[in-house]
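Report on one structure; see the data block that follows.
The values are calculated or read from the model by the stated rules, or taken from the named source; none is laboratory data. Nothing here was measured: the structure is a model prediction, and the numbers come from that model. Please note: Cβ atoms are built from the backbone with ideal geometry, for glycine as well, and neighbour counts cover all protein chains shown.
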Amino acid sequence: MRSRLVIWGSNAQNEKVLLAIHLDADDNKVHIDCIPEKDVNEEYYNQMMTVWREGGDVAIPSSSEHRITELTASESILPDDIKVERGDMIQRAQMEWHFVVLSTKLYKNYKNELDDLTDKVKRLELFDHKIWDELVGFWEPIQKHIFDRNLFKDHSDSLKAKVNSLFDELKVLRKNMDSEVKQKSREILESFKGQIEGIQERILGGSALKPLFDDLKKIQNDFKQSNVTREDRSIIMKKLDEAFEEIRKKRQNGAPAGTEDNTDANRLNKRYDGLIQAIQKMEQSIARDQKDIEFENKRIASSNGQLEAQIRVAKIRMIEERIKSKQQKLDELLLTKTKLEKAKNNTKKREEKLAERAKNQELIDQEKAKIINKISEEIQTSQTVISDEETAKLKKAADEIRESKKTKSADATSESDSNPSNETIEEETISESTVETEETVMESVDELLEEAKELTDPNEETKESES
């Protein structure tokens, strides 16, 4: 949580200024430097954002105006004549800084108590169990505040380091304590290590992965509650990671190839599933924050002193600001969900229409195949009929010609030159008959095509033109 803020704003003369705002938690004061825009170039702005805002030293121009305001929970940290574009950032900083001031006071109270305990431990020559219990009793409420995040990390780490140092001095006076802890830790290590190695052997043996994964999760949860040394904890965590990785690789290697579906619908479904998960996580996060507020409200009634109650009130306001930001993001996710559901519905309708069209096209292709077969049969039948009839006619004409040659052998040649032969006439008749047959077949094709269209969706043609 930063105690410094850099933001653009404007002063009473409506001049643009760069505001360098920082909190003095010890004095409960807010210092504001209004730096004129003309004195802020790109390099200086970057230094303020990356160095000064993170706690570093950057020179403030002499042309800047320095203001000091009192930090309160109700009034703004900015004077009335200073305006900013991002009022929400100022409001959030005010809530957070009020919590910072109260948390700092709590830290100072514990630090003074710890100094008194330090003097007692330094005067000890032999181990005193009462001092040990007193130190334990001092640390327990600090742990609760650390768990509730009422103390900042640097403050809690400082208290923890000093308390640990006192515990270490007391432990020196307790013989064999470290050796007993290490011995118990080694026994726990060997127990968990054997369980994990047994699961690894079953993984290599081809056992079902889901039960093995559940067993590993149970071992992991049990191990978190065990009291082992840091070195032994690192060994077990490494073995657990190796076992989980072996299961993951087994699952990947056993997955069938080409199972991914790259259709539009599948991609939308994946995006939709990811969005639903994000919405669920956001709702769960808001629910947790609501529970934290309920918890803090309950604890206010049983607070030990006014300072602790003030800290919890400040923490509630800080959580409420956090819920507000999360709710805005959740609203955006829900709006995106509605749009994605509409896109999924449109995609589904389009794919159903394409599937229906493909089905209709298959019916058309089947009818076309039937038409082609029918045409071929009709052509073959027509050609067969024509051949038989014309063969008989040609045979009759040949007989008549032979008779004519016998009776009029002298005139046969002249008649043949001056008049078309019966054979030519009959060939023309055959050609005309064939044309008539083809026209009849084409008419049949048109009729069959119309029947084929009637088998499909009567509105399909209209739909296609519209699409």
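Things worth noting here:
- Hits in the range 70-84 - residues which are modelled with pLDDT under 85 and under 16 Å from Ala20 (Cβ atoms): Ile77
Results for (1) over 27 Å from Leu159 (Cβ atoms); (2) of a type outside the set (Phe, Trp, Tyr); (3) modelled with pLDDT under 90, shown as yes or no for each residue.
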{"site": "Asp33", "(1), (2), (3)": "yes, yes, no"}
{"site": "Asn46", "(1), (2), (3)": "yes, yes, no"}
{"site": "Thr50", "(1), (2), (3)": "yes, yes, no"}
{"site": "Arg67", "(1), (2), (3)": "yes, yes, yes"}
{"site": "Asn109", "(1), (2), (3)": "no, yes, no"}
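- Matching entry among Val100, Val51, Val17, Val30 (being surrounded by fewer than 16 Cβ atoms within 10 Å (Cβ to Cβ) and outside the structural domain of Gln328 (by TED's automatic domain parsing)): Val51
- Filter result (acidic (Asp, Glu) and either surrounded by 12 or more Cβ atoms within 10 Å (Cβ to Cβ) or within 20 Å of Phe99 (Cβ to Cβ) (or both)) within the range 38-48: Asp39
- Where Lys193 falls short, out of the listed (1) exposed (fewer than 14 other Cβ atoms within 10 Å of the Cβ); (2) more than 30 Å from Leu135 (Cα to Cα); (3) among the charged types (D, E, K, R): (1)
- Test: residue in the range 88-103 that is in a loop (DSSP other than H, G, I, E, B) and either under 27 Å from Glu296 (Cα atoms) or not basic (Lys, Arg) (or both): no
- Checking Ala93, Ala25, Ala12 one by one, the residue that is over 38 Å from the mean Cα position of the chain (by Cα), surrounded by 17 or more Cβ atoms within 10 Å (Cβ to Cβ), outside the structural domain of Arg312 (by TED's automatic domain parsing) and at pLDDT below 90 is Ala25 and no other.
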